[in-house]
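Data first, discussion second: the structure below is written as structure tokens.
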Amino acid sequence: MSLYFEDLKVGDKFVSPTRTVTEADIYAFAGLTGDYNLIHVDRHYAEQGPFKQRIAHGLLTLAISTGLGTRLGLFTDTVIAFLGIESLKFTNPVFIGDTIHQVEEVIDVKKTSKPGRGVVTMQTNAVKHDGTVVLESKRSLMVKCRG
């Protein structure tokens, strides 16, 4: 069930399904991006660091969070464009085995000057299974209007 611009109002909140971050995710992301920072891929090195274990890449957490948002199916056939991320903060580490979900809250809705579309801005947080927020962002989408 895709939502149109008119279906959304400030304060609407949506919670995604969950996903567990695995060691394979971290290595696949390192291979894809070339980011082999030791804090992510070297267990012995990471054990000596501030987190005492390997952590997921921040951008991997962002990518997983974005995927969780699409699993909500809110804009499957009504999104026109992803316009950007206004702010992004990684607030806590994500470890191998952590399960995260995404919470999205509509914080602004604006019609555009072109008919048939509007911009929706969401406060989007990735949250661990224990309630710890690991990522905070404001993201904007251009969405179709009805008719």
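The values are calculated or read from the model by the stated rules, or taken from the named source; none is laboratory data. Not measured: the values here are computed from a predicted model. Positions of Cβ are backbone-derived with ideal geometry, glycine not excepted, and every protein chain shown enters the neighbour counts.
Listing for the model above:
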item	result
Conditions (1) within 24 Å of T76 (Cα to Cα); (2) surrounded by 14 or more Cβ atoms within 10 Å (Cβ to Cβ); (3) under 19 Å from the mean Cα position of the chain (by Cα): number failed by I55	(1)
Meets criteria (at pLDDT below 95 and loosely packed, with under 13 Cβ neighbours inside 10 Å) for D130	no
Candidate set from segment 1-47 (those that are β-branched (V, I, T), over 25 Å from T76 (Cα atoms) and under 19 Å from the mean Cα position of the chain (by Cα)); member that is surrounded by the most Cβ atoms within 10 Å (Cβ to Cβ)	I26
Which numbered condition Q123 misses (of (1) among the polar types (S, T, N, Q); (2) surrounded by 16 or more Cβ atoms within 10 Å (Cβ to Cβ); (3) touching a residue at least 24 places away in the same chain (Cβ under 8 Å))	(3)
Selection count, segment 107-120, where residues are surrounded by fewer than 19 Cβ atoms within 10 Å (Cβ to Cβ), within 18 Å of V79 (Cβ to Cβ) and not charged (D, E, K, R)	6
Segment 83-110, residues that are in contact (Cβ under 8 Å) with a residue 60 or more places away in the chain and part of a loop (DSSP other than H, G, I, E, B)	V94, I96, G97, D98
Matching residues in segment 17-47 - criterion: being assigned to a helix (DSSP H, G or I), touching a residue at least 40 places away in the same chain (Cβ under 8 Å) and touching a His at 6+ places or on another chain (Cβ under 8 Å)	I26
Pick from segment 69-104, criterion of a type in the set (D, E, K, R) and surrounded by 15 or more Cβ atoms within 10 Å (Cβ to Cβ), ranking: farthest from T132 (Cα to Cα)	E104
Test: S113 is farther than 13 Å from F14 by Cβ, part of a strand (DSSP E or B) and out of contact with any helix residue (DSSP H, G or I) (no Cβ under 7 Å at 6 or more places or on another chain)	no
Given (1) polar (S, T, N, Q); (2) in contact (Cβ under 8 Å) with a residue 60 or more places away in the chain; (3) in contact with an Asp or Glu (Cβ under 9 Å, 6 or more places away or on another chain), number of the condition T61 does not satisfy	(3)
Set G73, G69: member being in a loop (DSSP other than H, G, I, E, B), within 22 Å of S137 (Cα to Cα) and at pLDDT below 95	G73
Within segment 41-64, tally of residues that are out of contact with any Leu (no Cβ under 7 Å at 6 or more places or on another chain) and within 13 Å of F90 (Cβ to Cβ)	9
Tally, over segment 89-128, of residues that are of a type outside the set (D, E, K, R), under 19 Å from T66 (Cβ atoms) and over 12 Å from the mean Cα position of the chain (by Cα)	10
